[in-house]
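The values are calculated or read from the model by the stated rules, or taken from the named source; none is laboratory data. As the structure is a computational prediction, the values presented were derived from the model and not from experiment. Positions of Cβ are generated from backbone atoms using ideal geometry, with glycine treated the same way; all protein chains shown enter the neighbour counts.
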Amino acid sequence: MGTRDCGHICGESSPGIGEAGKTGEWRDSRPVIDEDRCTPARKNKPACFLCWLYCPEAVMSKTIPVRIDMEYCKGCGICAQVCPVHAIAMIEEGRFTA
Amino acid sequence: MIDGNRAAALGAKLSRVQVVAAYPITPQTPVTEALSEFVERGELQAQYVNVESEHSALAVCSSASLVGARTFTATSSHGLAYMHEMLHWVAGTRLPVVLACVNRAIGAPWNVLNDQQDSMSQRDTGWIQMYARNNQEILDLVIQAYSIAEKACLPVMVCYDGYVLSHTEMPVGVPSQDAVDRFLPPYKPHTILDPGSPRNYNLVTLANPRVNAEGVLCHGYMEIRYLLQEAMEKSKETIADVGREFSDLFGRSYVKLLWEDRMQDAEIAIVAMGSLAMEATVAADALRRDGLRVGVIGLRVFRPFPGRDVAGALGRCRLVVVFDKSISYGNEGATCTEIKAALYGSGANTAVHNFIVGLGGRDVKARELADAVKKTLSLVEGGALNNESAEWICEI
């Protein structure tokens, strides 16, 4: 079965999770949260969530602790940049595959 | 009596275009002037969008087409070059935009006169390209272009020679609005941006197919490009069907993607596009008076290329002389390359020779075309024809 059955004649999508495919495959570095530093985890209260607010891919959860959907995280590192307590480190993907 | 630019503007008006966005450039300017006057006077119920560039003009047409409007733009030369990126976007989105290209030379050096380098340089953008031989064809092809574009889901470029046609008055039969309305129903978009049913178009599309959020396997980049090529191939039939329908309703013949003049008994054929092909018919008159059986083929449609029609029409000839008003640098005139490719494998044993003429508005006289044919014929008969390179008719 080919792709013709989708009925599109140009690039087309509707809003929904994963419409652009498994974009997590693009990732070069993975954000890793240090829960000893992360404000909501440390205080066990809904607080901060700047990573959730700034993530362009909406892969950060607004939960305690914060979870990251690695299927779609492209590894842009914005979360690590905006974290006020430097709780997120960007670790090269190569280190996880060994 | 109207000039070619007026014919193009009238064609757009009769097609009841709903959005016009164009930026003036010599020699296309009178098209924009006429259309803005039609809109200003209320003769054409359309939005005329003023833009700061040709790139924006085609971006406006692209967006308007995506929300379901019939759109028109016109340009020339550097304006078309500036549209280059958007030409690809419009074709890739399969939008039925119609563009009138008033053929003009392209710099450097600076020149405002006619040749066909501008549109020929846009050959591979996925647009249907049609070349009008006279002002009647300009009007007729603009109207047909909407029918073709909307059936095939492909944009159409209607090309006509700057000044030679754009600023030259000729008798043109202008059909009634009622007759055009019968031929061309209102545009039904294949795809439409609608806030009630949100959609993204032209999202990042990677090489491989993907399963979308609804679990449906969707095209990757290659599949979408395949469909564009498939649509171009299929559009040959659409163009012929629309031409036949137009011929039946309006009495002017557009049944093939090329036109033939005295090809029935021709052993020598001249091939050209646009007004140059009409000039070639005058050369053929002179050559016939000299006893040579000469016919002319005018390529009305260059993309999709009517290779089978070309091979069928030329296969019996012993010599084909191709005149190009553009050059693919490092090779030869692009129509000549296409003619050779069409003949390859057809079983024809035909000599093909190419002349580059009329660049930057250099006058092309019928006598020069006839002399070029005679000279080529003597080379063929002497076994001395060099098929390696195109000859230029200039004074270098």
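Among the residues examined, B:S326 qualifies as assigned to a loop (DSSP other than H, G, I, E, B), at negative phi, surrounded by 21 or more Cβ atoms within 10 Å (Cβ to Cβ) and in contact with a helix residue (DSSP H, G or I) (Cβ under 7 Å, 6 or more places away or on another chain).
A quick yes/no check of all residues on (1) under 28 Å from the mean Cα position of the chain (by Cα); (2) part of a helix (DSSP H, G or I); (3) crowded, with 19+ Cβ neighbours inside 10 Å:
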residue: B:G360; (1), (2), (3): yes, yes, no
residue: B:A370; (1), (2), (3): yes, yes, yes
residue: B:L377; (1), (2), (3): no, yes, yes
residue: B:E395; (1), (2), (3): no, no, no
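Each residue in segment B:60-96 was checked for being farther than 21 Å from B:R6 by Cβ, in contact with a helix residue (DSSP H, G or I) (Cβ under 6 Å, 6 or more places away or on another chain) and not in a helix (DSSP H, G or I), and 3 pass.
Please state which of the following conditions B:D285 fails to meet, knowing it meets all the rest: (1) touching a helix residue (DSSP H, G or I) at 6+ places or on another chain (Cβ under 6 Å); (2) surrounded by fewer than 22 Cβ atoms within 10 Å (Cβ to Cβ); (3) not small (G, A, S). Checking B:D285 against (1) touching a helix residue (DSSP H, G or I) at 6+ places or on another chain (Cβ under 6 Å); (2) surrounded by fewer than 22 Cβ atoms within 10 Å (Cβ to Cβ); (3) not small (G, A, S), the one that fails is (1). When B:V49, B:V17, B:V90, B:V97 are checked against the criterion of being under 30 Å from B:Q229 (Cβ atoms) and either of a type in the set (G, A, S) or away from every other protein chain (no Cβ under 14 Å) (or both), B:V17 stands alone in meeting it.
Of the residues B:L184, B:L141, B:L193, B:L113, which single one is under 12 Å from the mean Cα position of the chain (by Cα) and of a type outside the set (S, T, N, Q)? Step through it out loud before you land on a result.
Working: B:L184 fails: under 12 Å from the mean Cα position of the chain (by Cα); B:L193 fails: under 12 Å from the mean Cα position of the chain (by Cα); B:L113 fails: under 12 Å from the mean Cα position of the chain (by Cα).
On inspection, the qualifying residue turns out to be B:L141.
Residues in segment A:1-59 that are touching a strand residue (DSSP E or B) at 6+ places or on another chain (Cβ under 8 Å), of a type in the set (S, T, Y) and either more than 9 Å from chain B (Cβ to nearest Cβ) or exposed (fewer than 14 other Cβ atoms within 10 Å of the Cβ) (or both): A:S14, A:S29. Of note, B:I356 satisfies the criterion of being without any contact (Cβ under 8 Å) to a residue 60 or more places away in the chain, surrounded by 18 or more Cβ atoms within 10 Å (Cβ to Cβ) and farther than 24 Å from B:D290 by Cβ. Taking segment B:3-44 as the range and being among the β-branched types (V, I, T) and surrounded by fewer than 20 Cβ atoms within 10 Å (Cβ to Cβ) as the test, the residues that pass are B:T26, B:T29, B:V39.
Specify which of the listed residues (B:A100, B:A132, B:A149, B:A105) is crowded, with 24+ Cβ neighbours inside 10 Å, over 22 Å from B:I297 (Cβ atoms) and under 10 Å from the mean Cα position of the chain (by Cα). It would help to see each step written out before you state the result.
Details: B:A132 fails: over 22 Å from B:I297 (Cβ atoms); B:A149 fails: under 10 Å from the mean Cα position of the chain (by Cα); B:A105 fails: under 10 Å from the mean Cα position of the chain (by Cα).
It is B:A100.
Every listed requirement among (1) more than 19 Å from the chain's Cα centre (by Cα); (2) under 21 Å from B:Q144 (Cα atoms); (3) surrounded by 22 or more Cβ atoms within 10 Å (Cβ to Cβ) is met by B:V90 save one, (1). Restricting attention to segment B:211-239 and to residues that are part of a loop (DSSP other than H, G, I, E, B) and in contact with a Leu (Cβ under 9 Å, 6 or more places away or on another chain), the residue that is nearest to the other protein chains (Cβ to nearest Cβ) turns out to be B:H219.
Does B:V271 satisfy the criteria of being outside any helix (DSSP H, G or I), modelled with pLDDT under 95 and either closer than 20 Å to B:I393 by Cα or more than 14 Å from every other protein chain (Cβ to nearest Cβ) (or both)? Judged against the criteria, B:V271 is not a match.
Yes/no matrix, rows are residues, columns are (1) of a type in the set (A, V, I, L, M); (2) in contact (Cβ under 8 Å) with a residue 60 or more places away in the chain:
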{"residue": "B:T191", "(1), (2)": "no, yes"}
{"residue": "B:G220", "(1), (2)": "no, no"}
{"residue": "B:E233", "(1), (2)": "no, yes"}
{"residue": "B:S253", "(1), (2)": "no, no"}
{"residue": "B:L258", "(1), (2)": "yes, no"}
{"residue": "B:L292", "(1), (2)": "yes, yes"}
{"residue": "B:V296", "(1), (2)": "yes, no"}
